[in-house]
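Reviewing the structure listed below.
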Amino acid sequence: MKSNIILLLLFVTFGANADDQRVSLPGNYKESFVEYLSLDRVQNHDQFIRLFANDTAMAGKNTKGEFLNGSVLVAEVYSVQKNEDGTVKKSVLNRRIKDKLLLIAIMEKQANFAKTSTSKINTGNWDFGAYKPNGKAASKDLDACRACHTPLLESDFVFSGEHLP
């Protein structure tokens, strides 16, 4: 009985992480993608984010307001500098000052992703990947990414869509 509980806890803890990291880290995104936005991360008060898009995403949306299949968005998520008291340090422009790269998150849109997803969370044909700064897969619950983007149906599941063509 005890071993069954341990196995169940391991599955609940790591099951979504092993889900399917089918979205690869584009190795040359800094050179071949466009950095289209850098800002204080809205979802986390002590992070900064840089966003990159490939040529397909930069080509704009179709007549339905959706990004084209083959669109890839890359987000570099950074910690921010803090004051001695632990509060977030701000620049003279009242912006957070980025510090260390924490995570590289990827969104990729492909025609078959919705049909082949093992997740019960719908993000259309978008899927997600998460990588450590060294390029190795991060142990991250990708369903947390999906759940955060799910309410964005009207913007094709993309937070920063208004900043792209």
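Among Asn112, Met58, Ala137, flag the residue with its Cα farthest along the positive direction of the charge dipole of the chain, charges on Cβ as +1 for Lys/Arg and -1 for Asp/Glu.
About the Cα centre, the residue reaching furthest to the positive side is Ala137.
Given the DSSP H assignment, sum -39500 (n - 2.57) over each helix run of at least 4 residues in the chain and divide by its residue total; what's the result at 222 nm in deg cm²/dmol, nearest 500?
For the chain, the value works out to -5000 deg cm²/dmol.
Normalised radius of gyration for the chain, please: alpha carbon Rg relative to 2.2 N^0.38 Å, two decimal places. Working shown, then result.
Numbers: Rg = 17.4 Å, N = 165, 2.2 N^0.38 = 15.3 Å.
Computed over Cα atoms of the chain, the ratio equals 1.14.
Holding the Cα-Cα limit at 32 Å, pick out from Lys61/Lys140; Lys90/Lys140; Lys64/Lys90; Lys89/Lys120; Lys109/Lys136 the pairs that are longer than that.
Details: Lys61/Lys140 29 Å; Lys90/Lys140 29 Å; Lys64/Lys90 40 Å; Lys89/Lys120 39 Å; Lys109/Lys136 21 Å.
With Cα atoms farther than 32 Å apart: Lys64/Lys90; Lys89/Lys120.
Treat every Asp and Glu Cβ in the stretch 2-155 as -1 and every Lys and Arg Cβ as +1, leave all other atoms uncharged, and give the resulting dipole magnitude about the Cα centre to the nearest 20 debye. Walk me through the numbers on the way to the answer.
Values: 21 positive and 17 negative charges, 34 e Å.
Dipole magnitude for the stretch 2-155 comes out near 160 debye.
Run the numbers on the stretch 2-155 and let me know its relative contact order in percent, using alpha-carbon pairs under 8 Å that are six or more apart. Each step should come with its number before you reach the end.
Details: 263 pairs, mean separation 32.6, N = 154.
The value is 21 percent.
Under 1.5 on a/c is rounded, so check that first for the stretch 76-148, then, if it is not, pick prolate when a/b is larger than b/c and oblate when it is not; a ≥ b ≥ c are the square roots of the alpha carbon gyration tensor eigenvalues. Write out the running numbers ahead of the final one.
Numbers: a/c = 2.98, a/b = 2.48, b/c = 1.20.
Since a/c reaches 1.5 and a/b is larger than b/c, the shape of the stretch 76-148 is classed as prolate.
Every number in this text was worked out from the coordinates using simple rules, so none of it is lab data. Fair warning: this is a prediction, and the values are worked out from it, not measured in the lab. All Cβ positions, glycine included, derive from the backbone under ideal geometry; neighbour counts span all protein chains shown.
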